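S.K.: I'd like to ask some things about the structure below.
The values are calculated or read from the model by the stated rules, or taken from the named source; none is laboratory data. Nothing here was measured: the structure is a model prediction, and the numbers come from that model. Glycine also receives a Cβ, built like all others from the backbone with ideal geometry; neighbour counts cover every protein chain displayed. Calculation scope for accessible area: heavy atoms of the full protein, side chains included, ligands and nucleic acids excluded. Shrake-Rupley method; radii C 1.70, N 1.55, O 1.52, S 1.80 Å.
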Amino acid sequence: MSKDSFFKRYRRVIAAVAAAVVLGITAAMFWGSPKAGSESVLTQEIKTMRLDSKAWHQQERDASHLFAELDQQQVSAVGLTPGAVLVSTKSGDKYYVADAFGVLPRALYQRLDTQKGFALAVVDGSKTDLLGIVAVLPSILILVLLAIMLARPLALAGNKFRFAKRDTGIRFADIIGADEAKSALQEVVAYLQEPERFGRVGARPPRGVLLSGPPGTGKTLMAKALAGECGINFIAATGSDFSSMFVGMGIMRVKSLFSKARKHSPCIVFI
């Protein structure tokens with residue numbers, strides 16, 4: 001398979017996967033990147049945290065103490081670092097709150113939306129951004145898998161039908177019996193071999209032929225013989241080819257079937 005035919009065949013899959021990756025990266029940038037602090041200019045406390053945070057690591061407090069002081073509006077600045085949150089109070093107290101799982105930043109951002117009395121900024125955000133991306137990585141993988149599941153049937157919609165070139169290798173003489181059916185199909189053969197002669201007298205091509213009978217009585221063989229006698233292309237499809245778990249796939253496959261038949265006309269479509 002050439003490169004052009006490969007991209008043409010799987011262009012929907014490639015486009016869907018690319019869209020899922022772009023959506024995932026956008027989500028990672030949205031959830032993983034830090035929001036702006038409560039002040040456009042960084043406070044001195046935040047600047048000091050970024051320069052040297054040793055003073056904050058001398059004393060550890062729990063998260064309940066932090067949120068209690070937030071409720072009392074005693075917190076002046078909060079710095080986010082990988083694995084810990086640095087806190088400065090208005091009374092000059094400095095401490096840190098351990099955050100091994102990275103759950104406090106989101107709660108603090110939500111608190112910042114309703115309470116504007118403290119500064120919030122990322123002190124060391126390189127690992128925080130990486131943790132944010134890792135946190136949404138499962139979502140990205142799920143989006144990619146869903147895109148593949150939805151796009152692959154679209155790309156393969158018209159490739160399930162069995163297609164035979166001009167000569168199927170089967171003639172009416174190869175079929176034993178069924179003389180009445182072969183005699184009736186001779187009119188179709190005559191039209192398909194010389195459509196101009198019939199067109200001059202206003203005859204129209206047959207819209208279809210109904211072959212009835214239980215399984216194994218030679219309906220498919222008769223259709224192949226008809227195509228072989230006429231020297232035209234033959235496409236075979238079954239009812240299961242048009243069924244799918246995805247809404248709209250059946251209609252798409254019907255359109256694909258007749259589009260393929262028009263592309264290779266004259267053609268016999270056997271369903």
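S.K.: What is the number of the single condition among (1) surrounded by 13 or more Cβ atoms within 10 Å (Cβ to Cβ); (2) at pLDDT 80 or above that ILE142 does not meet?
M.R.: Condition (1) is where ILE142 drops out.
S.K.: Using the structure shown, decide if SER76 is at pLDDT 85 or above, hydroxyl-bearing (Ser, Thr, Tyr) and not in a strand (DSSP E or B).
M.R.: In short, no.
S.K.: Would you mind finding the one in LYS94, LYS54 that is farther than 14 Å from ALA121 by Cβ, among the basic types (Lys, Arg) and surrounded by 13 or more Cβ atoms within 10 Å (Cβ to Cβ)?
M.R.: LYS94
Residue-by-condition table, conditions (1) open to solvent by less than 30 Å² (accessible area, probe 1.4 Å); (2) closer than 30 Å to ILE46 by Cα; (3) modelled with pLDDT of 80 or more; (4) touching a Cys at 6+ places or on another chain (Cβ under 6 Å):
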{"position": "LYS116", "(1), (2), (3), (4)": "no, yes, no, no"}
{"position": "ALA121", "(1), (2), (3), (4)": "yes, yes, yes, no"}
{"position": "ASP129", "(1), (2), (3), (4)": "no, yes, no, no"}
{"position": "ILE133", "(1), (2), (3), (4)": "no, yes, no, no"}
{"position": "ALA155", "(1), (2), (3), (4)": "yes, no, no, no"}
{"position": "LYS160", "(1), (2), (3), (4)": "no, no, no, no"}
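S.K.: Okay, moving on. Residue check, GLY79 against (1) buried (at least 21 other Cβ atoms within 10 Å of the Cβ); (2) more than 44 Å from the chain's Cα centre (by Cα), all met but one. Which one?
M.R.: In the conditions (1) buried (at least 21 other Cβ atoms within 10 Å of the Cβ); (2) more than 44 Å from the chain's Cα centre (by Cα), GLY79 misses (2) alone.
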